[in-house]
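This report refers to the structure that appears directly beneath it.
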Amino acid sequence: MFRLVFLNILLALNVSAEDIFGNPGDILPIKSHSSNEFLSIKKNDNFYRLVPLPFDKQGNSIIIENKTITINYKDFGESRITIVDESMVTLSKQDSERVYAESIAIKDALRTFTTEFKPSMEFINPVEGVISSRYGKKRFINNKPRSPHLSLDIAAPEGTEVVAPENGKIILSGNFFYSGNYLLIDHGFGLLSSYSHLSSINVENNAVVKKGEKIGEVGSTGRVTGPHLHWTVYLDKVKINPELLLKEDFLNRAL
């Protein structure tokens, strides 16, 4: 009997040691043998690959570095907004074609990140304002269900300065149907961030920007209900929770 109980305890300890859990939108540091292919950090002579947990994999597992990571279910709440201009909600054929072409341009840009420089992972807030919608909320527009809100909305007065939260390179900009005046920054090794609804853009494509450098101003271009910055962060093409990057020393505390 004692031996059986002892074996069960060992089994439970082994399961808890091997099983890894995380919330959708999180970044998990997973010990790795390589630091060249993926975004990683080094601590105590060990490399840790930074793994994004996809929102759409809730309740499922992914295997990274021979480790199984289970993504928890999480209720982020919901967001309901009303767009007066119905043409911005129910799209015409021409607008649908435009939206599709713009989505392809963004997807192509997300695949072209550089490995010539590496982010420090010490982001600063891109704009001073009030968080109006957090990552992960179920979204309803004019009472119709839409894709979840996988970004961070920060409300601020029109013209408020928007700065680069980390060093990087501008790899895409323009005026998009949904996003209005839009910028995409490549921070290196698969980490990218985008900025939507700007009233003005202060940088050009291929410009190298420094942390804290002005890149634009808050606006209400595209599909919006008022002036705010729609800030999206991608890691390995997965939309992660931007607020994670603003937490002081969040990666070292996770190790």
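The values are calculated or read from the model by the stated rules, or taken from the named source; none is laboratory data. The structure displayed is predicted, hence computed values, not measured ones. Ideal geometry is used to build each Cβ from the backbone, glycine not excepted, and the neighbour counts take in all protein chains shown.
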(Q) Regarding the stretch 54-67, can at least one residue be identified that is in contact with a helix residue (DSSP H, G or I) (Cβ under 7 Å, 6 or more places away or on another chain) and either of a type in the set (A, V, I, L, M) or at pLDDT below 90 (or both)? (A) no
Q: Please give the strands (runs of 3 or more DSSP E) falling wholly within the stretch 25-107 in which 2 or more residues are under 23 Å from residue 231 (Cβ atoms) and either not assigned by TED's automatic domain parsing to the domain that holds residue 187 or not β-branched (Val, Ile, Thr) (or both).
A: 27-32, 46-52, 78-81
